[in-house]
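The next block holds one structure in the form of structure tokens; read it before the comments.
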């Protein structure tokens, strides 16, 4: 069996402003450990996937930085997406690339570059279980994370019969719910939709051709097509969940529990970083008295907090952001309202 990994590493990570910028987005920042999230991802996969069989898909302006960050990854394996076209197009292009190099029977493990994983060894074990299921069933396998809370920030998957050893057919995908419905889904045994996918490239491309009408024009190109032509023919940017998985009858979910978290906002760091005895997560020169459940990141200078709770405070290059943990989930709206000069700091 020939095994490949595909790491999706695009996006700007605006919810981590002002630390994240278009030139240094979330996946290139050391938010969970002392290494950038992307580097953690590659190191996590290395025991089961050779660097020569690892593709990193990213935006064109990040290729140079990623090459410097990941010297073991061959230069031709860092692929610039000519334009954002959704995960359906990105994963299809990756599958076509693998098929051209290694044939349709190669397996493809797809992950994102901006996750936190608490148990790397268990994560790899579940990936291999999913791979075995994909080869056995000739279907599309997703890993559904066993929920630890009724989170409204994730989509959910309803399995027909959760089986950790072999997986089970997917009955339903559910978009991000409100709090009340999230509690109901948790009680009914739904799993978080993690965005971890495993399949053979031939099986996946077969389902793309059958179901992903948004990619019909792109798929009509010959095997020698350039990425710019392929992405340019995508009629409508769309996620792989919508274009393929929700339309296919060949989707299986394998449950997994390995400390997964989508590090989507500053507030999420409170779940994945070490806290002090009052629930505060700090980085840099911070003095905090009579406060709890704060997230504070300081690049330079010193930040002092006194008698405040549930805040996010980020200080970088003479600019300081102060918001609540709740509002930190909506930083995109704030960033869009700022004068251009503030964004360049």
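The values are calculated or read from the model by the stated rules, or taken from the named source; none is laboratory data. This structure is a prediction, so every number in the text was calculated from the model and none was measured. Note: ideal-geometry Cβ built from the backbone for every residue, glycine included; neighbour counts use all protein chains shown.
Only one of the numbered conditions (1) outside any helix (DSSP H, G or I); (2) without any contact (Cβ under 8 Å) to a residue 60 or more places away in the chain; (3) buried (at least 17 other Cβ atoms within 10 Å of the Cβ) is violated by residue 62, and that is (1). Restricting attention to the range 116-164, the residues that are without any contact (Cβ under 8 Å) to a residue 40 or more places away in the chain, farther than 29 Å from residue 181 by Cα and in contact with a strand residue (DSSP E or B) (Cβ under 8 Å, 6 or more places away or on another chain) add up to 0.
Being out of contact with any strand residue (DSSP E or B) (no Cβ under 8 Å at 6 or more places or on another chain), modelled with pLDDT of 90 or more, crowded, with 19+ Cβ neighbours inside 10 Å and within 30 Å of residue 103 (Cβ to Cβ) is a description that does not apply to residue 9. Is it the case that the range 228-251 has a residue that's in contact with a strand residue (DSSP E or B) (Cβ under 7 Å, 6 or more places away or on another chain), outside any loop (DSSP other than H, G, I, E, B), over 25 Å from residue 141 (Cβ atoms) and assigned by TED's automatic domain parsing to the domain that holds residue 79? Scanning the range 228-251 turns up at least one residue that is in contact with a strand residue (DSSP E or B) (Cβ under 7 Å, 6 or more places away or on another chain), outside any loop (DSSP other than H, G, I, E, B), over 25 Å from residue 141 (Cβ atoms) and assigned by TED's automatic domain parsing to the domain that holds residue 79. Entry remark, the range 99-108: residues being surrounded by 23 or more Cβ atoms within 10 Å (Cβ to Cβ) and assigned to a helix (DSSP H, G or I) number 0 in total. Considering the conditions (1) surrounded by fewer than 18 Cβ atoms within 10 Å (Cβ to Cβ); (2) more than 30 Å from residue 319 (Cβ to Cβ), residue 283 is excluded by exactly one of them, (2). When only residues in the range 231-271 that are over 19 Å from residue 144 (Cα atoms) and within 16 Å of the chain's Cα centre (by Cα) count, which is surrounded by the fewest Cβ atoms within 10 Å (Cβ to Cβ)? Applying the filter and picking the extreme gives 238. Within the range 301-312, the set of residues being over 10 Å from residue 286 (Cα atoms) and either touching a helix residue (DSSP H, G or I) at 6+ places or on another chain (Cβ under 6 Å) or surrounded by 11 or more Cβ atoms within 10 Å (Cβ to Cβ) (or both) comprises 308, 309, 310, 311, 312. Here residue 291 does not qualify as over 11 Å from residue 266 (Cα atoms), free of Cβ contacts under 8 Å to residues at least 40 places away in the same chain, in contact with a strand residue (DSSP E or B) (Cβ under 8 Å, 6 or more places away or on another chain) and loosely packed, with under 14 Cβ neighbours inside 10 Å.
Take the conditions farther than 22 Å from residue 41 by Cβ, surrounded by 15 or more Cβ atoms within 10 Å (Cβ to Cβ), in the same structural domain as residue 150 (by TED's automatic domain parsing) and modelled with pLDDT of 95 or more and apply them to residue 225. Does it pass? In short, no. Applying the set (1) surrounded by fewer than 18 Cβ atoms within 10 Å (Cβ to Cβ); (2) farther than 20 Å from residue 202 by Cα; (3) modelled with pLDDT of 95 or more to residue 144 leaves exactly one unmet item: (1).
The residue that is farthest from residue 13 (Cα to Cα), counting only those in the range 269-300 that are in contact with a helix residue (DSSP H, G or I) (Cβ under 9 Å, 6 or more places away or on another chain) and outside any strand (DSSP E or B), is 279.
If the condition is being in contact with a helix residue (DSSP H, G or I) (Cβ under 6 Å, 6 or more places away or on another chain) and part of a loop (DSSP other than H, G, I, E, B), then the range 75-98 contributes 82, 83, 85. When we screen 118, 86 for residues that are at positive phi and in the same structural domain as residue 153 (by TED's automatic domain parsing), the only hit is 86.
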